[in-house]
Amino acid sequence: MSHLEDYASIVGPERIDVIRALGARLAGRVIQNINSTAVGGGVAEILTRMTPLLKELGIEARWDVIRGNERFFAVTKAMHNGLHGVPSPFTEDDRQVFRETTKANLDHVQPWGDFVFIHDPQPVALIEVIDRAKHFCAWRCHIDFTDPQPDIWQFLKNYIESYRAAVFSAPAFARPLGIRQILIPPSIDPLADKNKDLPNEVVDEVCARFGLDRCRPIITQISRFDYLKDPVGVIRAYKMVKRHLDCQLVLAGGGATDDPEGQKVLDEVRSEAAGDPDVFVLFLPPGSDIEINALQRASTMILQKSLKEGFGLTVAEALWKAKPVIAGAVGGIPLQITHKFSGILAHSIEGTAFWIKQLLNTPRFASRLGRNGREHVRANFLITRHIRDYLLLFLSLENKGNPIVL
Ligand code: UDP
C-alpha cells in the first residue's frame, strides 16, 4: 500500500505538506462516497486509490456501492448515453424503475457521512432521502455534459439542485444550475500497479503472453468496450494505416458491472477485426492492472478515440508513461492534450489514421509529445492534486463564506 510520503519524490514535499495541513483540519470527519460499481471504469479506479490515503490523514473515508438489477442498469446506461448526447428513450416506466431502485437501496446504503459525496447519475436520487441539515452533500459528475438530451437532463437537474454543490471534471460541462459548481479534474495514481514503473522483463512477459511482437510498432487503445470509445473506428483507422505501414493494433478492455452494453460492442469489435492476425482484441478481467500498465509501456503510441469522454483516465495513464497519445478532442481530453505539444487531438477516423502515420514516421516528434505530456500530468493530474482539491471542497462546504487559512 502507498503512503503519502511516497509521493514526495514525485510531486515535491511541499505538496504533501499542504495535503497534511488541510487533512488535519478535517481529521475525524466521515467522508462517504457512494457510486454504482466497485470495479471497472474510472470512478472505481480513483476511489480504490484515494480511500486509503484519506484514511492516512485521519479522515474516515467510506465507500458504498448501490445495487440494482439488470433493468435498473439498462435504464441508467440509457441515461448515461442520453446525457452524453446520444438519442436514448427515457420513459415514465424508466423513471419509476430509477426511483424505486433508489428507495430499495436504503436497506443497505445509509447516508451517514459528515460529507456525502455521490458519484454520477445512478445514485443521484438518494439526495431525496438524506437529511440535508445533518450531512453536507455534493454531487460528483464524471461524465461528458457538453450536450445532454434535454428531458434526461431536466430529470436529473431536479435532484442535482438539492445538493450543496456539483463537481465537474472540465469547464465545458458547467450547466445553468441553482447551486455552486466546482471544477475538479480527476487524477491517476503514479504508484498504483496500473502506473508504477515496471521492469522490462514484465513488459516482455505480458507481450509474449498475448502474442505481441515487440520488434514491430504496437498501437493500443485500452477501454471498456463501449460505443462512445469508438473501438470500431479505431480498427478502421488502423486498417487505413496498415495499407502503408506495418503495425499491430491492441484493443484491450473489460466491462463494468454497471455497463450492460459491453458484450454487444465486443462482438462488433471482434467481427470488424476478424481475419487480421495483427489485431489483438483482449478481454481483460478486473484487476488486470499490471497487464494494462505493461501494454501501455510496450506501445509505440496510445489511442483514445472517444466520441464522448468525461475525462479519460486512460489518456493520463498513457501520458504519464511518456507515450505519444492520439485522442478524440472531446470532453476532458483537451484538458490533458494540447494539440501537437502534449499529444494529438483528432476529430475523425481519417484524422486518426493520418496522425498514426505521422507519428510512426517521426519518432522524435512523437517522443517529445510523450515527454511533454508526462510533465503536464505531473503538474495537474496526479492523485495528490486531486486529494488537495477534495479537501478544499469539503472545507469550503463546512465553512461557507469563511476564508480557509492553513
Ligand atoms: N480500465 C481497466 N480495465 C479495462 C479497461 C479500463 O482497468 O479493461 C481502466 C483504465 O485503465 C482507466 C479506467 O479503467 O483507469 C477507465 O477510465 P476512463 O476515464 O478512461 O473511462 P471510463 O471507463 O470511466 O469511461
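So for each of 63-72, 309-318, 102-111 I average, over its residues, the number of other beta carbons within 10 Å; can you give me the resulting order with the highest mean first? Don't skip to the end; give the middle numbers.
Details: 63-72: 17.1, 309-318: 28.2, 102-111: 15.2.
Top to bottom by mean Cβ count within 10 Å: 309-318, 63-72, 102-111.
Placing unit charges on the Cβ atoms of the charged side chains and taking the dipole of the chain about its Cα centre, the candidate lying farthest along the positive direction among VAL377, VAL250, PHE72 is VAL377. Once both axes come from the Cα atoms, what is the angle between helix 262-273 and the longest principal axis of the chain, in degrees from 0 to 90, rounded to 10? Roughly 10 degrees, rounded to the nearest 10. Database remark: amide H of LEU249 closer than 5 angstrom to the amide H of ILE219, VAL279, PHE280 (H placed geometrically; neighbours at sequence offset of 5 or more, or on other chains; Pro and chain starts carry no H). In percent, rounded to a whole number, the relative contact order of the chain is 17, using alpha-carbon pairs under 8 Å and six or more apart. Across the stretch 154-163, coupling constants 3J(HN,Hα) worked out from phi with the 6.51/-1.76/1.60 Karplus curve, θ = phi - 60°, read 4, 4, 6, 4, 4, 6, 4, 6, 8, 7 Hz, and Gly and Pro carry x.
Computed from Cα positions, the angle between helix 92-105 and the longest principal axis of the chain comes to roughly 70 degrees.
Rounded to the nearest 20, the size of the Cβ-charge dipole of the stretch 96-212 about its Cα centre is 580 debye, with Lys and Arg at +1 and Asp and Glu at -1. Distance from the Cα centroid of the stretch 237-281 to that of the stretch 140-204 is 26 Å (rounded to whole angstrom). What you get for the chain, charging only the Cβ of Lys and Arg (+1) and of Asp and Glu (-1), is a dipole of about 1080 debye around the Cα centre. Amide H contacts of THR338: GLY343, each under 5 Å away and 5 or more positions distant or on a separate chain (H built 1.01 Å from N in the peptide plane; Pro and chain starts excluded). Electrostatic tally near ARG368: other residues with Cβ closer than 13 Å to its Cβ, Lys and Arg +1, Asp and Glu -1, net +4.
A prolate overall shape is assigned to the stretch 127-251, the ratio a/c of its alpha-carbon gyration tensor axes (a ≥ b ≥ c) being 1.5 or greater and a/b exceeding b/c.
Specify whether the C-alpha gyration tensor of the stretch 252-294 places it in the rounded, prolate or oblate class, a ≥ b ≥ c being the square roots of the eigenvalues: rounded for a/c under 1.5, otherwise prolate if a/b is larger than b/c and oblate if not.
oblate
Please report the projected area of the chain's Cα convex hull averaged over all directions, in nm². Could the numbers behind the result be given before it?
On the way: hull surface 76.7 nm².
Average of the hull's projected areas for the chain equals 19.2 nm².
Taking θ as phi - 60° and the Karplus parameters 6.51, -1.76 and 1.60, the scalar couplings of the stretch 192-198 work out to 6, 3, 5, 10, 5, 4, 10 Hz in sequence order, x denoting glycine and proline. Within a straight-line Cα-Cα reach of under 19 Å, LYS194 can be paired with the following lysines, leaving aside sequence neighbours fewer than 8 residues apart in one chain: LYS321, LYS323.
Remark: SER36, SER271, SER396 ranked as SER271, SER396, SER36, counting other beta-carbon atoms within 10 Å and listing the fewest first.
Once you order the gyration tensor axes a ≥ b ≥ c over the Cα atoms, which shape class does the stretch 286-406 get: rounded for a/c under 1.5, otherwise prolate or oblate by comparing a/b with b/c? Judged from the Cα gyration tensor, the stretch 286-406 comes out prolate (a/c at least 1.5, a/b above b/c).
Measure out, as a whole number of angstrom, how far apart the alpha-carbon centroids of the stretch 106-128 and the stretch 86-105 sit. Rounded to whole Å, the Cα centres lie 16 Å apart. Centre-to-centre, using Cα atoms only, the stretch 65-83 and the stretch 365-406 are separated by 30 Å.
Taken together, the values in this text are just the output of simple stated rules run on the coordinates, not laboratory data. In this text the structure is predicted, and so the values were computed from the model without any measurement. Positions of Cβ are backbone-derived with ideal geometry, glycine not excepted, and every protein chain shown enters the neighbour counts.
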